[in-house]
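The values are calculated or read from the model by the stated rules, or taken from the named source; none is laboratory data. Bear in mind the structure is a predicted one, so any value in this text is a computation, not a measurement. We place every Cβ from the backbone using ideal geometry, glycine too, and count neighbours over all the protein chains shown. Keep in mind that these areas ignore ligands, DNA and RNA; they rest on the heavy atoms of the full protein, side chains included. Shrake-Rupley method; radii C 1.70, N 1.55, O 1.52, S 1.80 Å.
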Amino acid sequence: MKDNKNKTLLDVSKLSVTFNLKNATVGAVDNISFKVDRGEFLAVVGESGCGKSVSALSILKLLPEKIAKIESEHILFDGADISKLSNEELRTIRGKRISMIFQEPMTSLNPVLTVGDQLTEPLITHLKMTKEEANKRAVELLNMVGIPEAEGRLTQYPHQFSGGMRQRVMIAIGLACEPDLIIADEPTTALDVTIQAQILELLKDISKKMGIAVIMITHNLGVVAAYADRVNVMYAARIIETGTAAKIFKNPSHPYTIGLLRSVPRLDVSRKGKLATIDGLPPNLMNPPEGCRFAARCPIVKEKCKASPFLTELDKKTLSSVSCWYHKDAEKNGSKMYEAGEKTIKNKPKTSSKPILEVNNLKQYFNISLRSGWFKTVSGTVRAVDDVSLKVYPGETVGLVGESGCGKTSVGRSILHLNDPTSGEINFLDLSINKKSIALVRRDMQIIFQDPFSSLNPRMTVGKILEEPIMVHKIIEDKQQREKRVHQLLEQVGLYTYMADRYPHELSGGQRQRVGIARALAMEPKLIVCDEPVSALDVSVQAQIINLLEDLQKDLGLAYLFIAHDLAVVRHISHKVIVMYLGKIMEFADEKELYSNPKHPYTKALLDAAPVPDPLIEKNRKRMILKGELPSPLNPPKGCVFSTRCPQYSMNCSDAIPDLTDYGKKHFVSCIKVK
């Protein structure tokens, strides 16, 4: 079957996928064609629901047969049409010649089998290795993907690995039989920026060394710029633009691609105003519109757009094609197509006024017990927040960044007394906050949760969700006035008033997050803790929510404690930034000062690991990839908690915990190496 003379490894022609549901038929993929060459790194980008994952899964017939109908002219893999193969015949290819790395390793790895069993299974099944040979190869694979003490790890279960380590195991399984093609479906979405950089560098490096082609499905445009050779842009089940990464980022031809790129905040430059946004929502694929599917949201739509444009080749050198009648107009006027609104940086709040929130020496410890073996339990204390102090002024946004497990969310929950702090002082509006007094200021301190779907009551309509806090706190007694206020809140966050009668599941992710914001505003607060409010949203919707938060801050004088792991988003929205690691503050400064002059090795590593949506910058960029993972909070390192991963480590770093010292311009750093 294998023919190495054939440059094209995968050739997909006229692929369509429909899901036949009880009440409707969904056209998830509509007549797409693409090719992948040997050793090529192809990225597939687009908003949620555009058909990225479905198109990849359909290649290997990994969709439910009862409801999914896959049609194509052909799917040629190494010259043979695999679309005609039965499931039995496809099993000889799956895992051996085409492997898959799934988005969530915890649900993809079998929890009742050891990692060793799951690594050796494809080796024994496809390569007919003996158990001893397979175990030896499994150790080599774990070493290849950077997992220490590989031999001892084979007997461990997936739950004993961290998120980054589990994803490495998934990559090791994918590489086990040295496949020709790896399909990676959002392989780094759930990972921190430092672990993401490790995983992607590993994948790119192995791809080059072993000549493996990679199809990466992602919504992270920075990742695409850093690692992809070629890009397919999908919208509403169709490929609407394709080309080299350099061409797509430098001179995009489709209005949708232009909008996507302009709605992304940049890590490498200070904000110049509000983010550009793509208005509206993607069409319902149960009843897609005639003609161009982007027409309803397109800023240059014309009469001709009522007919469907073909995917037309533009340039063989850049391998570029576009599906747009007016792509020349889009290329010419791309910079003016999506106006970003305000061009100037908004005025920063006056720090001469009193802080609205002052936190001193906050500590949040959790006593836990873990079972070790059948009869033994190990108890310990997790220092989730360890001696954190901060101030937030009226109308100010303070960003809180760091890897998962660093204590960001615990700080927010402790301030709101959703978790009772172990010790420390919290003063809000000159009132000392404790278990008793928190009720007095609950109206003035609100939170926007990361996942709006789980934080909204599924049995209540949007109107009732917004009305409930107004009733509980007796803000408005009259029912008609309450309904009027609910409609005002919906309009304030950019939703239609008729949505008051809808339930949360009837809204999109971005709309649900707007309801979460409206619920916080219903209390007329002075401070809102934003806990990863945009991390689960597509870039175009993310831009809308960020602009909304900024507008509300400007109109109502709100203060935000903005918790996030996306450094570009934090740079765009924040006035001051705090960097946390393992419960402690590593660095704190104004946004401009911290991003232009980072001093702590951890901050430098975070900024180095975060990709920039520009292939030219990424190509010439020298990266310091942070090695290792976050230590266990049950057993933190002695002295500086970052010492075990620090590239500047010396013996005296373990002697004592460094003080948070001002190095000028109110730039505070906790590191003995800073001068």
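Is one or more of the residues making up the stretch 261-269 β-branched (Val, Ile, Thr) and part of a strand (DSSP E or B)? First the steps, then the outcome.
Step one: filter the stretch 261-269 for residues β-branched (Val, Ile, Thr), giving 264, 269.
Those still in the list that are part of a strand (DSSP E or B) too: none.
No, because not a single residue in the stretch 261-269 is β-branched (Val, Ile, Thr) and part of a strand (DSSP E or B).
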Of all residues in the stretch 456-506, which are open to solvent by 30 Å² or more (accessible area, probe 1.4 Å), closer than 23 Å to Asp551 by Cβ and in contact (Cβ under 8 Å) with a residue 12 or more places away in the chain?
Ile475, Arg485, His487, Gln492, Gly494
Subset of the stretch 4-22 [open to solvent by less than 80 Å² (accessible area, probe 1.4 Å), closer than 30 Å to Pro179 by Cα and part of a strand (DSSP E or B)]:
Thr8, Leu9, Leu10, Asp11, Val12, Ser13, Leu15, Ser16, Val17, Thr18, Phe19
Under 8 Å between Cβ atoms, at least 6 apart or on separate chains: pull out the pairs that start in the stretch 48-77 with a residue that is more than 23 Å from Ile240 (Cα to Cα) and end on any residue that is of a type in the set (Ser, Thr, Tyr) and part of a loop (DSSP other than H, G, I, E, B).
none
Among (1) in contact with a Leu (Cβ under 7 Å, 6 or more places away or on another chain); (2) at negative phi, which single condition is Gly146 missing?
(2)
Does Gln446 fit the bill of being closer than 30 Å to Glu396 by Cβ, touching a helix residue (DSSP H, G or I) at 6+ places or on another chain (Cβ under 7 Å), of a type outside the set (A, V, I, L, M, F, W, C) and open to solvent by 30 Å² or more (accessible area, probe 1.4 Å)?
yes
Taking the stretch 17-66 and keeping residues in contact with a helix residue (DSSP H, G or I) (Cβ under 8 Å, 6 or more places away or on another chain) and either β-branched (Val, Ile, Thr) or at positive phi (or both) leaves Val17, Val29, Ile32, Gly39, Val44, Val45, Gly46, Ile59, Lys61
The lone exception for Gly211 - which of (1) open to solvent by 10 Å² or more (accessible area, probe 1.4 Å); (2) touching a residue at least 60 places away in the same chain (Cβ under 8 Å); (3) within 21 Å of the chain's Cα centre (by Cα) it fails:
(3)
Do you know which residues across the stretch 110-126 are open to solvent by less than 10 Å² (accessible area, probe 1.4 Å) and under 21 Å from Leu181 (Cβ atoms)?
Leu119, Leu123
Give just the number: which of (1) over 28 Å from the mean Cα position of the chain (by Cα); (2) buried (at least 20 other Cβ atoms within 10 Å of the Cβ); (3) hydrophobic (A, V, I, L, M, F, W, C) does Ile98 not satisfy?
(1)
Yes or no: the stretch 385-405 includes at least one residue that is touching a helix residue (DSSP H, G or I) at 6+ places or on another chain (Cβ under 8 Å), modelled with pLDDT of 95 or more and among the polar types (S, T, N, Q).
yes
Let me confirm something: among Val529, Val539, which residue is buried (at least 22 other Cβ atoms within 10 Å of the Cβ) and touching a His at 6+ places or on another chain (Cβ under 8 Å)?
Val539
On the given criteria, is Phe77 modelled with pLDDT of 90 or more and within 31 Å of the chain's Cα centre (by Cα)?
no
Out of (1) among the hydroxyl-bearing types (Ser, Thr, Tyr); (2) open to solvent by 10 Å² or more (accessible area, probe 1.4 Å); (3) in contact with a Pro (Cβ under 6 Å, 6 or more places away or on another chain), the odd one out for Ser414 is which?
(2)
Taking into account only those residues within the stretch 609-636 that are part of a helix (DSSP H, G or I) and touching a residue at least 24 places away in the same chain (Cβ under 8 Å), which is least open to solvent (accessible area, probe 1.4 Å)?
Ala609
Those residues of the stretch 287-328 which are over 21 Å from Asn232 (Cα atoms) and open to solvent by 60 Å² or more (accessible area, probe 1.4 Å), in sequence order
Asn287, Glu290, Ala296, Pro299, Val301, Lys302, Glu303, Lys304, Lys306
Residue list for the stretch 171-193, restricted to those being closer than 30 Å to Ala564 by Cβ, open to solvent by 10 Å² or more (accessible area, probe 1.4 Å) and not hydroxyl-bearing (Ser, Thr, Tyr)
Asp185, Glu186, Ala190, Leu191, Asp192, Val193
Which one of the conditions (1) of a type outside the set (Lys, Arg); (2) part of a loop (DSSP other than H, G, I, E, B); (3) surrounded by 17 or more Cβ atoms within 10 Å (Cβ to Cβ) does Pro647 fail to meet, given that it meets all the rest?
(3)
Scan the stretch 310-325 for residues that are in a loop (DSSP other than H, G, I, E, B) and at pLDDT 95 or above and jot them down.
Ser323, Cys324, Trp325
Those residues of the stretch 206-219 which are in contact with a Ser or Thr (Cβ under 9 Å, 6 or more places away or on another chain) and at pLDDT below 85, in sequence order:
His219
The condition from (1) polar (S, T, N, Q); (2) buried (at least 17 other Cβ atoms within 10 Å of the Cβ); (3) farther than 22 Å from His126 by Cα that Thr25 misses is numbered (2)
